[in-house]
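Asker: The structure under discussion is supplied below as structure tokens; questions concerning it will follow.
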Amino acid sequence: MDNNVVQQLNYTDELSLKDKEIELFGQLHKVEWESYQQITKNFTLNKLKVELGKFNSIEKFDIVYFDAFGPRIQPEMWTLSIFEAIYNLLSQDGILVTYCAKGSVKRALKEVGFKVESLPGPPGKREMTRAVKL
Ligand SMILES: C[S@@+](CC[C@H](N)C(=O)[O-])C[C@H]1O[C@@H](n2cnc3c(N)ncnc32)[C@H](O)[C@@H]1O
């Protein structure tokens, strides 16, 4: 991401980050697309510029933090076909977690085969959703 944008967003102050955290946060933004970069001993970031619906992988994933724009803004990200694609990318017992608690989204996740649970949301949000691949 453009360093100017990162500075304007100013998350380091907003989140009261400390020295080492500021350094790690900066590194996250400097990772090139289509490359792997080791951020810490146990965390390597692989940043890919690809549409989710077109992403293929032989590797399976344990968790998807689904932080798409909301269903009203970008409805095409909340469809059965997107949830099916994520289901297929997850390992057994893999988890999709989203801030969205909309009934239609939870029904679509169930239809694809997920076990769907409602969890308490972050501050300011009553509920969020966890979907587990059985
Ligand atoms: C609410 S933002 C999430 C930002 C993210 N959590 C982050 O920290 O960068 C939604 C993101 O989804 C991306 N996006 C929109 N359509 C997409 C698609 N079809 N496939 C993959 N990503 C998409 C947007 O570019 C945007 O960065």
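Every number here is computed from the coordinates shown, using simple stated rules; none is lab data. As the structure is a computational prediction, the values presented were derived from the model and not from experiment. Glycine also receives a Cβ, built like all others from the backbone with ideal geometry; neighbour counts cover every protein chain displayed.
Asker: Quick one: which helices (runs of 4 or more DSSP H) lie wholly within the stretch 4-119 and hold at least 2 residues that are aliphatic (A, V, I, L, M)? Before the answer, list the steps.
Answerer: Details: elements: 11-14, 19-30, 80-89, 103-112.
Answer list for the stretch 4-119: 19-30, 80-89, 103-112.
Asker: Asp62 is checked against (1) out of contact with any strand residue (DSSP E or B) (no Cβ under 7 Å at 6 or more places or on another chain); (2) away from the ligand (no atom under 11 Å from the Cβ) and fails just one. What number does that condition carry?
Answerer: (1)
Asker: Restricting to the stretch 65-96, name every residue that is within 12 Å of the ligand (Cβ to nearest atom) and β-branched (Val, Ile, Thr).
Answerer: Ile73, Thr79, Ile82, Ile86
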